[in-house]
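Enquirer: Handing you this structure, nothing more for now.
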Amino acid sequence: MRTFTLTIALLSLLACSKKDNSAPEFASVIINGSNDHPSLFAGQNNTVTIALQDEALFQLRCTFTKQGSYANHDAHSTDSYFGMLIPNHGEFKLDTVRNLNGTSETIDIVFPVTAENSGLWTMQLQALDEEGNLQTMVEDVMINSSIYPSLSITMLGSDVSIGDGKLTAAANTPWNWQGDIYDLDTLDYVHITVTQNGDTISSYIQNDPSTWTLDLHDNFPMQMPSTAGTYQFLVRMGDIDGNETWRSSRLIVE
């Protein structure tokens, strides 16, 4: 009986002194109420809600950094940017640290994004526990503009494929895309061009449309080039206040 009692006591002591080698877990990360292609909104406050779990939570760091002057959104090619190059406007930055306690905690990080920002930013979350175990999460996050015109594509058509930072389509076929171009003010122009080696192959132009939104399918019935090759697809958009932006992609015609 004594041997059994001593063994139980020794096992209990070893269990109590066992080191935690597991990094904290991000149970959920929700940005402005969404965890599916989340976005920040320029010109207003934004909220990142982070739920964490660990044996002994200690600290959380959250940063947002700009991805240069433009970014390739191919990592999220299933959403409304479809792998296009997009310009990054503004110089928004965030670097905040929060102290944590216990085994589970949910933190709300609330911060403003000024109106001149838009494009693709990198969010990095780092969670640390009391044993020094570190967990890192990195995600691309769009900042939706409150100033610049926006291009939202809901469908490209069955004849167009997406991947590796390019669009691929069959020669001489119609581009049955759907979506819209919009601005919170009034659009001044929309120019869509397909070029090859600096030469314009086709163009679709709307000057002074006098509206805040244009339907892609109705206003830009695009046709693919008749010759196979590599092209550049460019959308330039401007509003009556002089705010200009663009979207671009390689176009492979087969």
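Values in this text are rule-based calculations from the coordinates and carry no lab data. Predicted, not measured: the structure shown is a model, and the values here were computed from it. Every residue, glycine among them, receives a Cβ derived from its backbone with ideal geometry; neighbour counts consider all protein chains shown.
Enquirer: Please work out the C-alpha center-to-center distance from region 26-56 to region 151-219 and express it in whole Å.
Expert: Measuring centre to centre over Cα atoms gives 32 Å.
Enquirer: Can you tell me, using C-alpha contacts under 8 Å and at least 6 residues apart, the relative contact order of region 114-254 as a whole percent?
Expert: 24 percent
Enquirer: Taking Cα atoms of region 98-210, Rg/Rh with Kirkwood Rh, to two decimals?
Expert: Rg/Rh: 1.13.
Enquirer: Over region 170-251, what relative contact order in percent results from Cα pairs under 8 Å that are six or more residues apart?
Expert: 38 percent
Enquirer: OK, next. Dipole of region 126-235, Cα-centred, from +1 at each Lys and Arg C-beta and -1 at each Asp and Glu C-beta, to the nearest 20 debye?
Expert: 620 debye
Enquirer: In addition: For I201, which sequence-distant residues (separation of 5 or more, or a different chain) have an amide H within less than 5 Å of its own amide H, given hydrogens modelled in the peptide plane?
Expert: V194, T195, Q196
Enquirer: S69 label point, 7 Å along Cα→Cβ, cut-off 16 Å on backbone N: hits in region 227-254?
Expert: 244-248
Enquirer: So which aspartates and glutamates pass the test for K93, namely a Cα distance under 20 Å, with those fewer than 8 places away in the same chain ruled out?
Expert: D108, E116, E139, D140
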